[in-house]
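Working notes for the structure below.
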Amino acid sequence: MDRTVLLINGPNLNLLGTREPHIYGSTTLSDVESNTKSQGEGLGITVQSFQSNHEGAIIDRIHEARGNVEYIIINPGGLTHTSVALRDALAGVAIPFIEVHISNVHAREEFRHKSFLSDKAVAVICGLGVFGYSAALQFVDQQLKASKT
């Protein structure tokens, strides 16, 4: 298997750049995907990207990743706080994953403080803006290099 990472963005992240820019910034999802793929190329990592507003489609894509990717970087959006099914899908495929949030969810509404995924994640990044995606990919690169030695 090549050094391949699946970047998943959940509900409403297609609105990046226009949705609540005071919270999420002005960078679009297309920018995030393009920047992450470019960074991946520099690291020798193939980045596949997927976004959906539908929980089932995200779960289907996670299932398809089994045996095809080495890591998942996921910003599950609002599904973070509600989806046992997403948690079960990630646990079921046994692909290590990093949970990313653009905003600091712990400085926001109380309901955003609970994640159904964090205890299964290799790492959680929040509050770094879209740089969180870059930090996640850097971490994945380190982990993949360490696993080869």
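The values are calculated or read from the model by the stated rules, or taken from the named source; none is laboratory data. Nothing here was measured: the structure is a model prediction, and the numbers come from that model. Note: ideal-geometry Cβ built from the backbone for every residue, glycine included; neighbour counts use all protein chains shown. Protein only, heavy atoms only, side chains kept; ligands, DNA and RNA dropped before computing areas. Shrake-Rupley method; radii C 1.70, N 1.55, O 1.52, S 1.80 Å.
If you roll a 1.4 Å probe over the heavy atoms of the protein chains, what accessible area per residue do you get for the chain, in Å²? Intermediate values should be presented prior to the final figure.
Working: 7120 Å² over 149 residues.
Using a 1.4 Å probe on heavy atoms only, each residue of the chain averages 48 Å².
With the helix formula -39500 (n - 2.57) applied to DSSP H stretches of n ≥ 4, the chain reaches a computed 222 nm mean residue ellipticity of -11500 deg cm²/dmol. Consider all pairwise Cα distances in the range 1-142 and report the whole-number % of them above 28 Å. Above the 28 Å cut-off, the range 1-142 has 9 percent of its Cα pairs. Within the accessible area of the range 1-124, the carbon and sulfur atoms contribute 48%, probe 1.4 Å, all protein chains present.
If you add up the charges near ASP2, with Lys and Arg at +1 and Asp and Glu at -1, over every other residue whose beta carbon is less than 13 angstrom from its beta carbon, what do you get?
Summing Lys and Arg as +1 and Asp and Glu as -1 gives 0.
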